[in-house]
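Peer 1: Encoded as structure tokens, here's the structure I'll be asking about.
The values are calculated or read from the model by the stated rules, or taken from the named source; none is laboratory data. Just so we're clear, the structure is a prediction, and the values are computed from it rather than from any experiment. Note: ideal-geometry Cβ built from the backbone for every residue, glycine included; neighbour counts use all protein chains shown. These accessible areas exclude ligands, DNA and RNA; they are computed on the full protein's heavy atoms, side chains included. Shrake-Rupley method; radii C 1.70, N 1.55, O 1.52, S 1.80 Å.
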Amino acid sequence: MKVGTLKQPLFAKILARKGITVRFGPLQIRLRTPIESLASLLHHFWRDFPLVDEPAIIDCHIAVSRHLIHRRWPNPELLILVDGRAIGPSFPLAHHFPMLEWGVNLCLARRANHLLMLHAAVMERHGQALLLPALPGHGKSTLCAALTHSGWRLLSDEFGLVRPEDGLLLPVPRSLPLKNASIDVIRAFAPQADLGPAFEGTHKGTVAHVRPPTESVQRMDEPAQPRWVVFPRWVAGSRLRLEPVVKPDAFLMVATNAFNYDILGQTAFELVGQMVDACDCYTLVYSDLKEAMAVLNELTSSANA
Amino acid sequence: MPDSFSQKRHAARLLIGALRRPADLPHLSLTDWDLLLRLARRTQLLGRLEADLAQLELLDRIPERAGNHLRAARNLVAHRQTRLTWEADRVVWALRGLDLHIVALKGVAYMLAGLPAARGRLAVDVDLLVPEEQLPSVEQRLLERGWMREKLDPYDDQYYREWMHEIPALRHRERETEVDIHHRILPRTSRLQPDPVLLFQQTRAVPGSPIRVLGPQDMILHALVHLFHEGDPKEGLRLRDLVDVADLLRHFGQEPGFWEALVPRAEQLQLGRPLYYGLVFSRQLLGTEIPDTVAQRAQSAAPSWLVQRAMGWLVPRAILPTHPDQSDPIAALARWAMYLRAHWLRMPPGLLFQHLARKTWRRVQTTLQPQGLGSTDKSSRS
């Protein structure tokens, strides 16, 4: 059963009482919240994700609830609780959805230390995965959203989850947060993208989410083989440049980009080594999304033939 | 009422059961696994469960998702232990040439001495004990070689230097691990004053390091001091500290002469009372085997009948985990009481009052802050 199979009022009711248990790739969470405006957004954005049959082991018990002191007046504030404890300062009620999405990602980042976690967007086509490891603000989400609506399957816009047993990438397709100018860029580039409301004044500016395509969610238990590593960087007004990266440099760039390289120690060293060996590695500087898409398409098609 | 009461008890029984009988874990239901993982995470005992199951070769007989959490915990523990061992190694390098005994305490000591208490143990800081008269030269040397002082307000700095048993934490500029240099095991202001000179007399060498560790009895007494004299208002008493005590008792209990020397040593160090409590609760909650003669001798340091009853009621409620989804006012009260007790023992009343008033005021300030702090405060500062 999927979130979307439940009628919205019932979904909201369960969410407020017992909480719903839902799975995003390897991550199973239970969420409880009495906030109805949040429930209706979740019902839409999470509609394709499976509900988990209970009893089950749940990776993260999350609640979004009202802050005790700032409950109603002057401005209601919310807290995200994990296992009953707040994981950050309170925030305005209006930011519920982006903050929850961030909170769920934080749970994964803190708890999934059995996997190597790269800070990367990952997409797959014809069984081969393209990784875009990048720092925030380097245009990773924009590219990811564009690729995801141009024939690529979304694995994740934030986490390159590498399974130590076989080095395969595990999908965790979550809503794709676009920030500021990239919201309109994607609206123009991919009108078919299902974009949610814009949340203004968050700690990352204005944020709007793209709902992960249904097919990506349906196939979220299919891991993918890494094939290309492209380090993107959006620079206003720059000329398009795609340049190969020598393997030793690529190794360092991937290793320093990981969330938990140090925690996995030798395992991480070996996994990154294997990945870089198996992949063609490039840097991509771009300012125009269409140009960047064209060059990525060419790169991944020619290697495929 | 009986339902929620038994649920409360269930959380405690589940975690204690896992610690005492890890061999039974493969029979646990999924619902119990879910709760157990939450409890063990909160009490920082996930790594410990993993280590026990690995030792019994039972890791492939538990649910896969539970196994993932335990493996994640093991990776974190291994990483922290590597980091701590390296930091201790760097401190040794930095202090080379100074003529002194460096004694490791707690986590680093258990690791260096290869004790079973180190298995799966998530340690954060490097805690070292040095002779008080050497303190200035040790601190000076570390500051010269890359360690830095935490930024403290003047009150906190004074608090440490005048009243505490350690100096403000040091941290190397390139690394994250905190180094805490102690010159005694209880604050200067504490009612109990175990003489650090006595501790140095019975330290032991460890293979492969110039760092030494406390003698077996002293190691246990220090773990007990840590358990009963360092409170945390939310956590009350830390279960993992009692687990340390139980592990050390079980391990050193095999050494000839260990039990006979335990109570006399505690008396010599003025720590008969914490030893008494430690033996009582480690036996009661974790099933540690303690020779009756030793338990009887420790009785001589027991408090009055009334205090015994009070502690017997408070300690289990403060130390055992409660269900993370249910608020438990009784446990909260017990934890708060144990926190106050720890402070009461650490400082004379006047000073305590002053100190707690300051801390409370600060807490009030920070709880009132979140509202507008976000953007405005940051932008006005930058």
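Peer 1: Placing +1 at every Lys and Arg Cβ and -1 at every Asp and Glu Cβ, with all other atoms neutral, what dipole size does chain B have around its Cα centre, in debye to the nearest 20? Walk me through the numbers on the way to the answer.
Peer 2: Values: 52 positive and 44 negative charges, 147 e Å.
In debye, rounded to 20, chain B gives about 700.
Peer 1: Another one. Under 1.5 on a/c is rounded, so check that first for segment B:2-364, then, if it is not, pick prolate when a/b is larger than b/c and oblate when it is not; a ≥ b ≥ c are the square roots of the alpha carbon gyration tensor eigenvalues. All intermediate terms of the calculation are to be shown ahead of the outcome.
Peer 2: Numbers: a/c = 1.40, a/b = 1.24, b/c = 1.12.
Because its axes are fairly even, with a/c under 1.5, segment B:2-364 counts as rounded.
Peer 1: List the GluC sites (Glu not before Pro) in segment B:118-172 that DSSP assigns to loop (not H, G, I, E or B) and whose Cβ has at most 14 other Cβ atoms within 10 Å. Which are they? Walk me through the numbers before you get to the answer.
Peer 2: Working: sites: B:GLU132, B:GLU133, B:GLU139, B:GLU144, B:GLU150, B:GLU162, B:GLU166; in loops: B:GLU150.
Within segment B:118-172, the qualifying GluC sites (Glu not before Pro) (loop, at most 14 other Cβ atoms within 10 Å) are B:GLU150.
Peer 1: With angles folded into 0 to 90 degrees, how steeply does helix A:247-257 sit against the dominant principal axis of chain A? Use alpha carbons for both and round to 10.
Peer 2: 10 degrees
Peer 1: Separation of segment A:187-220 and segment A:1-64 by C-alpha centroid, Å?
Peer 2: 19 Å
Peer 1: Okay, moving on. Report, please, the projected area of the protein assembly as shown averaged over directions, based on the convex hull of its C-alpha atoms, in nm². Before the final figure, lay out the partial values.
Peer 2: Values: hull surface 133.8 nm².
The orientation-averaged projected area of the Cα hull of the protein assembly as shown comes to 33.5 nm².
Peer 1: Let me ask something else about it. Using unit Cβ charges (K, R positive; D, E negative) and no other charged atoms, how large, in debye to the nearest 20, is the dipole of the protein assembly as shown about its Cα centre?
Peer 2: Numbers: 83 positive and 72 negative charges, 357 e Å.
Taking the Cα centre of the protein assembly as shown as origin, the dipole is about 1720 debye.
Peer 1: Just the number, please: Stokes-Einstein D of segment A:136-198 in µm²/s, Kirkwood Rh from C-alpha pairs, 20 °C, 1.002 mPa s. It would help to have the intermediate numbers written out before the result.
Peer 2: Numbers: Rh = 12.6 Å.
Here the translational diffusion coefficient equals 169 µm²/s.
Peer 1: Whole number please: convex hull volume per residue, Cα atoms of segment B:171-216, in Å³. Please report the intermediate quantities before stating the final value.
Peer 2: Numbers: hull volume 5.6 nm³, N = 46.
Hull volume over Cα atoms, normalised by residue count, gives 122 Å³.
Peer 1: If the rule is a partner Cβ under 4.7 Å, which cysteines in chain A fail it?
Peer 2: If one checks each Cβ against the other cysteines of chain A, A:CYS144, A:CYS279, A:CYS281 turn up with nothing under 4.7 Å.
Peer 1: What Kirkwood hydrodynamic radius, in Å, does segment B:99-215 give when the mean of 1/r is taken over all pairs of distinct Cα atoms and then inverted? Provide the component values of the computation, followed by the final result.
Peer 2: Values: mean 1/r = 0.0663 Å⁻¹.
That comes to 15.1 Å for segment B:99-215.
Peer 1: Between their Cα atoms, which of A:LYS18/A:LYS179; B:LYS106/B:LYS234; A:LYS18/A:LYS204; A:LYS2/A:LYS204; B:LYS106/B:LYS359; A:LYS2/A:LYS140 are more than 25 Å away from each other? Can you show the working numbers first?
Peer 2: Details: A:LYS18/A:LYS179 33 Å; B:LYS106/B:LYS234 22 Å; A:LYS18/A:LYS204 32 Å; A:LYS2/A:LYS204 31 Å; B:LYS106/B:LYS359 27 Å; A:LYS2/A:LYS140 29 Å.
Pairs exceeding 25 Å: A:LYS18/A:LYS179; A:LYS18/A:LYS204; A:LYS2/A:LYS204; B:LYS106/B:LYS359; A:LYS2/A:LYS140.
Peer 1: Here's another thing I want to ask about it. What percentage of the solvent-accessible surface of chain B, computed with a 1.4 Å probe over protein heavy atoms, is contributed by carbon and sulfur atoms? Don't skip to the answer; put the middle values down first.
Peer 2: Details: 9690 of 18050 Å².
Answer for chain B is 54 percent, counting heavy atoms of protein chains only.
Peer 1: So for chain A: antiparallel DSSP bridges make up what percent, rounded to the nearest 5? Working shown, then result.
Peer 2: Numbers: 44 of 59 bridges.
Counting DSSP beta bridges with both partners in chain A, the antiparallel share is about 75 percent.
Peer 1: Relative contact order for chain B: what is it in percent, counting Cα pairs under 8 Å that are at least 6 residues apart? Mind dumping the intermediate values first?
Peer 2: Working: 492 pairs, mean separation 60.3, N = 382.
So the answer I get is 16 percent.
Peer 1: I would also like to ask the following. Please list the equivalent ellipsoid semi-axes of segment A:116-302, computed as the square roots of five times the alpha-carbon gyration tensor eigenvalues, in descending order and whole angstrom.
Peer 2: Values: eigenvalues 123, 67, 53 Å².
The equivalent ellipsoid of segment A:116-302 has semi-axes of 25, 18, 16 Å.
Peer 1: How large is the accessible surface per residue of segment A:3-111, computed with a 1.4 Å probe and reported in Å² as a whole number? Spell out each step's value before the answer.
Peer 2: Values: 4610 Å² over 109 residues.
Using a 1.4 Å probe on heavy atoms only, each residue of segment A:3-111 averages 42 Å².
Peer 1: Also, I was wondering about something else. Would you mind getting the Kirkwood hydrodynamic radius of segment A:3-111 from its Cα pairs, rounded to one decimal in Å?
Peer 2: 14.0 Å
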